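Worksheet for the structure shown next.
All of the numbers you see were taken from the coordinates with simple rules; none came from a lab. Predicted model only: the values in this text are computed from it and were never measured. Counting neighbours? That spans all protein chains shown, and the Cβs are built from the backbone with ideal geometry, glycine included.
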Amino acid sequence: MGAWLADFCTLGRLGLALLLVIIGMEAREPAQAVRRIALGLLVGWTADILDGALARRSSCPTRLSRWDFPLDMAMVAGSVVGLTMAGLLPLGLTVGYFALGSLVLLRYPSKATAMAIACPAVFAPFVLASRWAPDAFHWAVFWAVAMLVWQWRRFEEVVLEFVDTFPGGTLKPLGTIWRRWRSLRQLTSAT
C-alpha cells in the first residue's frame with residue numbers, strides 16, 4: 001500500500017506541473033497567480049516529501065521512483081512557465097534561463113547540475129510571493145520550517161549528495177567539513 005501511495009504522490013506532481021501553467025495562463029492579476037502557484041508548489045513539495053517517506057517505509061519497491069527527480073523538475077518548470085504566462089517573469093528571461101540551463105546540463109550532465117540550475121526557479125515563486133502575496137509567502141516560511149524540523153536528516157542527506165556529486169568535486173570539501181562538524185559518516189547515496 002505504501003508503494004502505491006508513494007507512486008500516486010509522485011505522479012500527482014506531473015498533473016500539478018500542468019496545473020501551474022494553466023494557473024498562470026488564466027490568472028487575472030499577478031497576486032492571484034503568485035498566490036496560487038506558491039500554494040500549489042507547497043502541495044507539490046509536500047507530495048515529494050511524502051512519496052519519499054512512504055517509499056522508504058514500504059516493503060515493496062515503487063514503480064515511479066526513477067521519475068521522482070524529473071517530475072520535481074517538471075513541477076519547477078511548470079511554476080516558471082506559469083509565472084511567465086501571468087506576466088510576472090519576462091518571456092526573454094524565462095527562455096534564456098531554460099536555454100542556458102539546458103546547455104549547462106548538456107555540458108555537465110548530473111543531478112547535482114540540474115539541482116544547481118533549478119535553485120533560482122525553485123525559490124522564484126516564493127520571492128515573488130513576498131511582494132505580491134504575503135500570505136502565501138508566510139505559509140511557505142511556516143511550511144519550510146516545519147518540514148526542516150520533521151525531515152532534517154533527509155534534508156541533510158540530499159544536500160550532502162548534492163555537495164558530493166557536484167561536477168569537478170569542487171564542493172566536496174564543504175561536505176567533509178559538515179560531516180566532521182556533525183560527526184556524520186560518508187553517505188554512499190541518498191534515496
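The table that follows gives values for the structure above.
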item: Cβ-based net charge around Met147, under 15 Å, with every Lys or Arg adding one and every Asp or Glu removing one; result: -3
item: The chain - convex hull of the alpha-carbon atoms, volume per residue in Å³; result: 126 Å³
item: HN-Hα J in Hz across segment 153-159 - Karplus 6.51, -1.76, 1.60, θ = phi - 60°, x for Gly and Pro; result: 4, 5, 4, 4, 4, 5, 5
item: Length gained when the stretch Cys60-Thr46 is fully extended (0.36 nm per residue, less Cα-Cα span); result: 2.9 nm
item: Two-site FRET efficiency, Ala99 against His138, from Cβ-Cβ distance with R₀ of 41 Å, rounded to 0.05; result: 0.75
item: GNM flexibility winner over the chain from Arg180, Arg13, Arg35 (Cα, springs under 10 Å); result: Arg180
